[in-house]
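The values are calculated or read from the model by the stated rules, or taken from the named source; none is laboratory data. This structure is a prediction, so every number in the text was calculated from the model and none was measured. Here the Cβ is made from the backbone with ideal geometry for all residues, glycine too, and neighbour counts use every protein chain on show.
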């Protein structure tokens with residue numbers, strides 16, 4: 001059981017380049033999330049998808065777009081990368097029940113030069 | 001005001017001691033609370049969850065919740081060097097969104 005799978009693990013971009021971070025989960029969860037983690041800032045929610053076909057902005061959505069392709073997959077796109085987007089990105093999934101925790105992928109370390 | 005506040009530490013305790021980690025939250029409508037452990041360079045892993053006021057014990061870990069004071073804590077008994085990590089407090093709101101504190105760095109000294 002793979003859980004939440006993110007690709008790639010590492011990426012270096014130049015300012016202005018675009019890329020898509022991929023995420024897939026095999027736990028049949030309805031809800032999926034994208035977070036970024038920066039030193040001293042903790043995990044901050046970028047976007048959230050309650051179910052297939054729905055997405056909502058989180059705390060720090062500027063500069064990002066998302067697509068909930070189907071129940072399994074939730075991608076994060078950077079259209080024009082900026083150095084401020086250098087971070088570690090985590091995808092996570094959860095069931096919507098109050099008692100259900102987040103399950104995290106292994107993260108993508110992105111550097112924008 | 002940040003939704004979830006944690007003392008960033010670092011917190012150092014000797015091996016075998018009790019480590020106490022604290023978290024406060026601002027949204028009174030928050031429904032459930034989670035503690036995650038994160039080793040350097042790794043993803044967060046779930047340690048404990050708590051939903052009702054009071055204590056919840058799981059092995060060496062005890063989570064405590066006081067909704068009136070908007071306070072959650074994690075106690076680690078008989079701390080081991082392998083417990084050295086960053087501990088993240090997470091709060092789940094009625095919109096099914098999770099908000100995290102900045103984490104507390106714990107070092108257990110052998």
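Things worth noting here:
- Considering only residues in the range B:78-105 that are more than 9 Å from chain A (Cβ to nearest Cβ) and under 12 Å from the mean Cα position of the chain (by Cα), the one that is farthest from residue B:15 (Cα to Cα) turns out to be B:91.
- Any hit, the range A:25-37, residues being farther than 14 Å from residue A:93 by Cα and at the interface with chain B (Cβ under 10 Å from one of its Cβ atoms): yes
- Answer residue from the range A:78-102, given it is at the interface with another protein chain (Cβ under 9 Å from one of its Cβ atoms), buried (at least 17 other Cβ atoms within 10 Å of the Cβ) and over 16 Å from residue A:37 (Cβ atoms) and is modelled with the lowest pLDDT among those: A:100
- Residues within the range A:40-77 that are within 11 Å of chain B (Cβ to nearest Cβ) and within 15 Å of residue B:98 (Cβ to Cβ), tallied: 12
- Some residue of the range B:70-77 being surrounded by 20 or more Cβ atoms within 10 Å (Cβ to Cβ), in contact with a helix residue (DSSP H, G or I) (Cβ under 8 Å, 6 or more places away or on another chain) and in a strand (DSSP E or B): yes
- Selection status of residue A:11, closer than 17 Å to residue A:105 by Cβ, away from every other protein chain (no Cβ under 14 Å) and either over 10 Å from the mean Cα position of the chain (by Cα) or part of a loop (DSSP other than H, G, I, E, B) (or both): yes
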